[in-house]
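Q: Handing you this structure, nothing more for now.
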Amino acid sequence: MEGLRQADARALLPSEAERCGLCARPLGRKVEWHHRIPKSRGGTEVLPVHPICHRTIHACVSNHDLATGLAELDALRVQPDIARFLRWIADKPADFHAPTRRRAPD
């Protein structure tokens with residue numbers, strides 16, 4: 001799914017946002033909305049993501065990096081920590097959760 005403007009995303013029901021914008025697994029009961037470019041940097045486009053995927057993005061990548069070069073999903077997915085996470089999460093159920101360990105500095 002391509003990114004949506006924040007106002008348009010609010011109108012979607014979770015069933016309409018079928019797959020996670022990061023890992024592409026089916027979404028579960030809980031859905032979070034990730035700003036491709038952080039809101040604090042003027043971003044308005046959002047993607048539906050699993051909570052664990054959202055936390056991993058922000059634990060591995062700073063808002064500065066998201067704003068300046070990693071807003072594109074393909075660029076984000078090949079980052080070493082994100083790529084490792086995607087391999088690990090690939091066979092987990094939609095509502096799987098585990099603690100996220102690191103936080104990228106801003």
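What follows draws every value from the coordinates through simple rules; no lab data is involved. Keep in mind the model is a prediction, meaning the values are calculated, not measured. For neighbour counting, all protein chains shown are included, and Cβ atoms are generated from backbone atoms with ideal geometry for every residue, glycine included.
Q: Taking 7 Å along the Cα-to-C-beta vector as the label spot, tell me the Trp88-Thr44 distance in nanometres, rounded to one decimal.
A: 3.6 nm
Q: Here's another thing I want to ask about it. Find out how many positive minus negative residues lie around Ala75, taking Lys and Arg as positive, Asp and Glu as negative, among other residues whose Cβ is under 13 Å from that of Ala75. Each step should come with its number before you reach the end.
A: On the way: positive: Arg36, Arg77; negative: Asp65, Glu72, Asp74.
Taking every other residue near Ala75 into account, the sum is -1.
Q: Based on the mean of other beta carbon atoms within 10 Å per residue, what is the order of 27-38, 70-81, 45-56, most packed first?
A: Details: 27-38: 17.7, 70-81: 14.5, 45-56: 21.9.
In decreasing order of mean packing, 27-38, 70-81, 45-56 become 45-56, 27-38, 70-81.
Q: Can you compute the FRET efficiency between Ala75 and Glu32 using 1/(1 + (r/R0)^6), with r the Cβ-Cβ distance and R0 = 22 Å? Round to the nearest 0.05. Write down the numbers at each step before the final one.
A: Details: r = 21 Å, r/R0 = 0.94.
The computed FRET efficiency comes out at 0.60.
Q: If amide H atoms are built 1.01 Å from N in the plane of the peptide, which residues on other chains or at least 5 residues away come under 5 Å of the amide H of Arg19?
A: For Arg19, whose amide H was placed from the backbone, the distant partners under 5 Å are Leu27.
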